[in-house]
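Throughout, read-outs are computed from the coordinates displayed, never taken from laboratory work. The shown structure was predicted, so the numbers you read here are calculated from the model rather than taken from an experiment. Positions of Cβ are backbone-derived with ideal geometry, glycine not excepted, and every protein chain shown enters the neighbour counts.
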Amino acid sequence: MTDRSAAHTSFAIVRDLPAPPAAVFRAWSDPVAKQRWTACHPSMTREHSLDFRPGGVELNRMTGPDGAVFVVEARFIEILADQRIIYAYDYRVGDRRTSASLVTVEFAPGGRGTRMVFTEQVAFLDGCDERDERLEGTNEGFDRLELDLQAELTRQ
């Protein structure tokens, strides 16, 4: 018998981004833009699909050089254009689910253009406790998002 556990935690990341809320929202909703700033491991091959609508699914399937497979599957719960996105997702390594999360992303005018608040409530499952890695990886993605938004502004 396998010991089962769920370790619950939450965190919030606030970012002051250099673009208006509509542009930041578009970076989350456009498949090409989202794939650009969420690509985090160049050594992995990646399959990405995005069906951005309530009930729609986003799927990220990454395969490492050693053949290990990592899957992130999200389902959108609520989408309010330029204001809020709520989605739930799970993270799997091979056939093992290591976490399940509920995420709220809020966009509001402020600072350099948009104040984005990302709140994640997560259950790490069966001894997997990767809170620090999750925070680090999420922040790295938002660093790429900011660079992508800055590049878009210079192209205009």
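Summary of values
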quantity: Between the range 24-65 and the range 126-156, the alpha-carbon center distance in angstrom; calculated: 12 Å
quantity: Selection from Val105, Leu135, Tyr89, by position along the positive dipole direction of the range 75-135 (Cβ); calculated: Val105
quantity: Relative contact order %, the chain, counting alpha carbon pairs below 8 Å whose residues are six or more apart; calculated: 30 percent
quantity: C-alpha long axis of helix 131-155 to longest principal axis of the chain, angle in °; calculated: 30 degrees
quantity: Reciprocal of mean inverse Cα separation for the chain (Kirkwood radius, Å); calculated: 16.4 Å
quantity: ³J(HN,Hα) computed for each position of the range 110-127 - Karplus, 6.51 cos²θ - 1.76 cosθ + 1.60, integer Hz, glycine/proline x; calculated: x, x, 7, x, 9, 9, 9, 10, 10, 10, 10, 10, 10, 10, 8, 9, 6, x
